[in-house]
Each structure stands twice: as C-alpha cells, then as structure tokens.
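Trainee: To start, I am sharing the structure in question, which I have written as structure tokens.
The values are calculated or read from the model by the stated rules, or taken from the named source; none is laboratory data. Quick caveat: nothing in here was measured; it's all calculated off a predicted structure. No Cβ is skipped: glycine too gets one built from the backbone with ideal geometry, and neighbour counts run over all protein chains shown. For the accessible areas, the whole protein counts, side chains as well, though only heavy atoms, and no ligand, DNA or RNA atoms are used. Shrake-Rupley method; radii C 1.70, N 1.55, O 1.52, S 1.80 Å.
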Amino acid sequence: MYVGRFVVVGPGVGAYRVSSRSFPNRTIVERDGLLTVVPTEDAEATDNPYVSYNCVRESDGRAVVGNGSHVDPITEKLDLGYPPRDALVSGLFSLDYEKDDYDTPRIAGVVGAEEAYVGIVRKDALLVRAVAEPTLVATYEKDSPEAYALDADTPEGAAREVLDAAFEHAVCAAGVTVDDEVSVAFADNE
C-alpha cells in the first residue's frame, strides 16, 4: 500500500518517513540538530517547492516533525509560547494543504517527553489530536490519525523502524526521542 509521507508521534518518540513515487532521489541531512529533506546529488533538477524542507525541528525540549514548510511556523509558534495544539492548528491552517496535482495533505506532530499531538490538514478537513500512544497519520490512504505500533526507544531505531515499515516507495526517514533532551537521527534506504 502506498500511503505517501507519514508521521508517527507519541509521548517521548516520533518519526517521519518520506515515501515517494515522483521524487525518490532525496535524503535527510542534519544541521545543528535540525533535519532537512534535500535532493540527492543525482536527483534531476526541479522547481517543485515541496521537494526540500525541514522535517524535524526542536523547540524548548519538544520536537516538531512534518512533511513540509509548515514545520517552521509550528516551531516558531511553540517558541513564542503557544501550546502544542494551538501551534499545530495555526501552522497547518495558515499553510493549508499543498496546491499540487494531488492536493497533498500537510501532516505534522509535536513530541514532548510526556505529551504528544498529531495533525493533518486535507482539502476537506483540519484534524489535530492529543495522543497518548504512537499514532500515525499519512498523506494518502491513512489520512486520519490511527494507533501505530512503534516499538523504538532511540531516534535511530525510530527512523529505521518507519523506513522499514511495510508501506511502498520508502525513501528516507527521521527519528526523534524526547526525554531530558531532544535527540534526532535519520536513515536512508542504502
């Protein structure tokens, strides 16, 4: 099954996976704890604004994960003191779903040590929920939050677990854990 990009978030752990049929030549790079999806060196040139973006950012002991440029305003709202639910609603609502050929939803989550929130904005809905266990939401097919068995307890394990999940067209993944600090990792198919 092809579910597109997806996030899994729960208290203390989260992950994001790039799955793509159209732009598979991408990877994740780290810059001072910030994880960014970028084209690989052998990727064809594109002016598509949805190919490269920050997918994991830290804010005051929490992590924001997501599939696009909305990760930045969500993080900025958290930095300003917004509660996680309000930061997700504000960021997802203001940027809305992607205006591409598929009306691709924007998905995101906020992972804290004790609490987590997941959200999606689709053409027909905006959903944001507090979650007490790992919860998945994807851009296609699984576009409403649902429980997901994420067993990892390290960022490396979370990234590898979602990259190896039985959904089609895996490209790369990011993982995050939050306890006394935010730790991040990423994995590629290679």
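Trainee: Charges at C-beta only: +1 for Lys and Arg, -1 for Asp and Glu. How large is the resulting dipole of the stretch 78-187 about its Cα centre, in Debye rounded to 20?
Mentor: Charge dipole of the stretch 78-187: 380 debye, to the nearest 20.
Trainee: Which lysines does Lys77 reach when only Cα atoms under 24 Å apart count, and residues fewer than 8 places away in its own chain are ignored?
Mentor: Correct list for Lys77: Lys99, Lys123.
Trainee: Follow-up. Run the helix sum for the chain: -39,500 (n - 2.57) per DSSP H stretch of 4+ residues, divided by residue count, reported at 222 nm to the nearest 500 deg cm²/dmol.
Mentor: -4500 deg cm²/dmol
Trainee: Accessible area per residue, 1.4 Å probe, Å², for the chain: what's the number?
Mentor: 46
Trainee: Lys/Arg Cβ at +1, Asp/Glu Cβ at -1, dipole of the chain taken about the Cα centre: which of Gly119, Val65, Val8 is farthest positive-ward?
Mentor: About the Cα centre, the residue reaching furthest to the positive side is Gly119.
Trainee: How large is the Kirkwood hydrodynamic radius of the stretch 33-190, in angstrom, based on all distinct alpha carbon pairs?
Mentor: 15.8
Trainee: Let me ask something else. Specify the inter-centroid distance of the stretch 113-153 and the stretch 22-75, based on alpha-carbon positions, in whole Å.
Mentor: With the stretch 113-153 and the stretch 22-75 each reduced to a Cα centre, they are spaced 19 Å.
Trainee: Could you please state how large a percent of the accessible area of the stretch 28-167 is carbon and sulfur, counting protein chains only and using a 1.4 Å probe?
Mentor: 44
Trainee: Once the Cβ-Cβ distance between Glu44 and Ala147 is put in as r, and R0 is 35 Å, what FRET efficiency do you end up with, to the nearest 0.05?
Mentor: 0.40
Trainee: Mind pulling the per residue volume of the convex hull built on the Cα atoms of the stretch 115-190? Å³ is fine.
Mentor: Considering the Cα atoms of the stretch 115-190, their hull volume per residue is 103 Å³.
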